[in-house]
Amino acid sequence: MRDGASREHRRRTRVRRDLGTLRRVSDPGDRLPRARLAEQARVDDAVLARLLDLGILAAGEDGAFSPSDVYRVRLVDACERAGLPAEAIARAMAEGHLSLSFTDQPQYRWLAVHPETYGELASRLGLPFEVMQECGAAMGWGRLAPEDPSKEGDEGIFRLLGMVLPLSDVAAVARMARIYSDSTRRITEAESSFYDTYILGSLLRQGISYGEAVDRAGDLGEQVAPLLDHMLVTTYRRQQEHAWKQGIVENIERVVMETGSVRSSERPTVFAFVDLAGYTHATDVRGDREAALLAREMSGLVDRRSAEHGGTPVKWLGDGVMVLFRDGGAAVRATLEIVDGAPAVGLPAHAGIAAGPVVMQDGDYFGRTVNLASRIAGGAVAGQTLVTDLVVDLAGGSGMSFAEVAPLELKGFMEPVRVFEAGA
């Protein structure tokens with residue numbers, strides 16, 4: 001009986017909190033007239049009238065609305081687009097099963113709509129609208145129309161793209177914009193998945209009601225949100241320092257070599273491919289969740305060993321990873337450590353290493369060297385690391401052993417490829 005009374009008390013508390021939230025009076029300078037709310041939420045007045053009738057929205061004594069009502073309206077609109085009617089949301093709120101008060105927290109502050117249209121913004125920046133349209137599409141914003149209202153922050157983005165356009169071309173600028181957008185999309189999707197599984201999900205597994213779990217998760221989110229912003233910028237700066245230093249050193253080296261005072265070091269790029277043996281079968285047997293945990297443990301091993309030897313994981317390929325190195329000996333040593341450590345993670349691994357020229361585009365690497373490393377990895381058995389003769393030469397003096405094995409017939413290569421098995 002006490003449990004039932006406790007649940008009823010929590011329900012009543014949430015209802016009172018929602019009503020209080022809807023009726024609060026904010027700083028008059030923050031208040032939004034009804035027309036401005038509709039503009040910011042990108043809905044017509046009929047939608048606001050309906051939400052007011054349902055009790056999802058309530059105007060203050062001054063007849064105006066809070067800035068957080070913008071996000072509340074956008075959220076309900078998104079629910080309706082997904083097939084969830086506002087009437088059902090209002091009923092759940094009235095019965096105390098659902099609260100939208102979390103939208104008052106500072107982490108729910110999405111970009112505001114500006115009265116300036118994209119056509120007007122393009123004209124003011126002196127940017128051809130077609131360029132704005134192509135870059136917007138590349139960033140996943142859909143096909144922009146000149147009459148569409150721009151959003152907060154858009155001016156800075158298009159000002160930047162316009163500055164680099166004279167030194168490049170539209171396609172290259174659009175590709176760069178797509179990389180930024182795709183990278184941040186992956187971050188936000190991972191954040192959302194982490195929240196659902198480990199924050200909100202953990203609270204729900206404790207038997208807490210959804211409304212209470214959302215409130216508790218929101219309190220944590222309010223503290224975490226500014227730290228996430230800090231983490232995003234800080235990790236970007238660290239990656240930037242690494243990449244820029246590398247590029248600057250190579251440019252300085254090129255200039256110095258042109259003077260004839262030193263000879264080229266002729267250091268080719270080294271790529272290692274590490275594949276997990278039996279990953280597909282493990283996914284079928286253990287299930288997707290266990291496979292995901294296995295991939296996470298493996299990525300941790302790769303990240304640690306690569307960092308210790310100056311390598312950079314470039315991309316994951318489901319059951320494998322491609323790692324870039326600038327030193328042949330370091331590449332072999334790191335790869336051997338990864339392959340040796342893989343069974344403790346859950347599955348054996350095999351690897352291939354090749355060195356040579358590559359083409360870099362859109363944050364990825366292409367060319368014969370990359371294909372060769374991948375094909376060699378496919379020709380290795382579990383626990384084995386195979387390398388090309390050039391890698392053996394580059395790793396000379398590293399103290400590792402190399403035993404020549406039978407040449408490999410590889411797809412895309414006319415002649416059998418001479419390979420060696422590496423050992424510590």
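Scanning region 86-111 for residues that are touching a residue at least 60 places away in the same chain (Cβ under 8 Å) and among the hydroxyl-bearing types (Ser, Thr, Tyr) gives Ser99, Ser101. Taking region 274-290 as the range and being among the acidic types (Asp, Glu) and at pLDDT below 70 as the test, the residues that pass are Asp284, Asp288.
Modelled with pLDDT of 80 or more, more than 17 Å from the chain's Cα centre (by Cα) and small (Gly, Ala, Ser): is that true of Gly201 in this structure?
Answer is yes for this residue.
Is region 113-125 home to any residue that is over 29 Å from the mean Cα position of the chain (by Cα), hydrophobic (A, V, I, L, M, F, W, C) and either surrounded by fewer than 19 Cβ atoms within 10 Å (Cβ to Cβ) or not in a loop (DSSP other than H, G, I, E, B) (or both)? For region 113-125, residues over 29 Å from the mean Cα position of the chain (by Cα), hydrophobic (A, V, I, L, M, F, W, C) and either surrounded by fewer than 19 Cβ atoms within 10 Å (Cβ to Cβ) or not in a loop (DSSP other than H, G, I, E, B) (or both): present.
Screening Gly162, Gly156, Gly142, Gly136 for residues that are free of Cβ contacts under 8 Å to residues at least 24 places away in the same chain and surrounded by 17 or more Cβ atoms within 10 Å (Cβ to Cβ) leaves exactly one candidate, Gly136. Pairs are defined by a Cβ separation below 6 Å, a sequence spacing of at least 6 or placement on different chains, a first member in region 26-46 that is of a type in the set (Asp, Glu), and a second member that is modelled with pLDDT of 85 or more and surrounded by 13 or more Cβ atoms within 10 Å (Cβ to Cβ); the pairs so defined are Asp30/Pro67; Asp45/Ala38. Selection of region 181-206 for residues being in contact with a helix residue (DSSP H, G or I) (Cβ under 9 Å, 6 or more places away or on another chain), under 19 Å from His230 (Cβ atoms) and not aliphatic (A, V, I, L, M) yields Thr184, Glu191, Tyr195. When you look at Leu144, is it among the aliphatic types (A, V, I, L, M) and either over 26 Å from Val43 (Cα atoms) or in contact with a strand residue (DSSP E or B) (Cβ under 7 Å, 6 or more places away or on another chain) (or both), yes or no? For Leu144, the condition - among the aliphatic types (A, V, I, L, M) and either over 26 Å from Val43 (Cα atoms) or in contact with a strand residue (DSSP E or B) (Cβ under 7 Å, 6 or more places away or on another chain) (or both) - is not met.
Applying the set (1) within 29 Å of the chain's Cα centre (by Cα); (2) among the charged types (D, E, K, R); (3) exposed (fewer than 14 other Cβ atoms within 10 Å of the Cβ) to Arg109 leaves exactly one unmet item: (3). Do we have Val70 as in contact with a strand residue (DSSP E or B) (Cβ under 9 Å, 6 or more places away or on another chain), assigned to a helix (DSSP H, G or I), under 17 Å from Ala41 (Cβ atoms) and touching a residue at least 24 places away in the same chain (Cβ under 8 Å) here? So Val70 fits the description; yes. Summed over region 198-219, residues that are of a type outside the set (Ser, Thr, Tyr) and under 16 Å from Gly96 (Cα atoms) total 7. If you check Val381, Val419, Val392 for being among the β-branched types (Val, Ile, Thr), surrounded by fewer than 19 Cβ atoms within 10 Å (Cβ to Cβ) and modelled with pLDDT of 85 or more, only one passes: Val381. Of the residues making up region 382-399, none is over 19 Å from Val270 (Cα atoms), touching a residue at least 12 places away in the same chain (Cβ under 8 Å), small (Gly, Ala, Ser) and touching a Phe, Trp or Tyr at 6+ places or on another chain (Cβ under 8 Å). When the test is whether a residue is modelled with pLDDT of 70 or more, under 25 Å from Ala380 (Cα atoms), in a loop (DSSP other than H, G, I, E, B) and touching a helix residue (DSSP H, G or I) at 6+ places or on another chain (Cβ under 9 Å), Gly300 does not pass it. Restricted to region 327-424, the set of helices (runs of 4 or more DSSP H) holding at least 2 residues that are in contact with a helix residue (DSSP H, G or I) (Cβ under 6 Å, 6 or more places away or on another chain) comprises 328-345, 389-394.
List the number of the failed condition for Glu258; all other conditions in (1) farther than 21 Å from Asp182 by Cα; (2) surrounded by 11 or more Cβ atoms within 10 Å (Cβ to Cβ); (3) modelled with pLDDT under 85; (4) not small (Gly, Ala, Ser) hold. If we test Glu258 against (1) farther than 21 Å from Asp182 by Cα; (2) surrounded by 11 or more Cβ atoms within 10 Å (Cβ to Cβ); (3) modelled with pLDDT under 85; (4) not small (Gly, Ala, Ser), just (2) comes out false. When residues in region 313-365 are screened for being of a type in the set (Ser, Thr, Tyr) and at pLDDT 90 or above, 1 of them pass.
Can you tell me which residue in region 218-248 is modelled with the lowest pLDDT, limited to those that are polar (S, T, N, Q) and over 19 Å from the mean Cα position of the chain (by Cα)? The qualifying residue modelled with the lowest pLDDT is Gln246.
With the structure loaded, tell me whether Leu167 is at pLDDT 90 or above and surrounded by 11 or more Cβ atoms within 10 Å (Cβ to Cβ) or whether it fails that test. No: the conditions fail for Leu167.
Of all the residues in region 52-67, those that are buried (at least 22 other Cβ atoms within 10 Å of the Cβ) and not β-branched (Val, Ile, Thr) number 3. Within region 192-215, the residues that satisfy the criterion of being surrounded by 15 or more Cβ atoms within 10 Å (Cβ to Cβ) and in contact with a Leu (Cβ under 9 Å, 6 or more places away or on another chain) are Ile199, Gly211, Glu212, Ala213, Val214. Among the residues making up region 303-326, those that are farther than 18 Å from Ala277 by Cβ and assigned to a strand (DSSP E or B) are Thr312, Pro313, Val314, Lys315, Leu324, Phe325.
The values are calculated or read from the model by the stated rules, or taken from the named source; none is laboratory data. Note that this is a predicted model, so its numbers are computed, not measured. Every residue, glycine among them, receives a Cβ derived from its backbone with ideal geometry; neighbour counts consider all protein chains shown.
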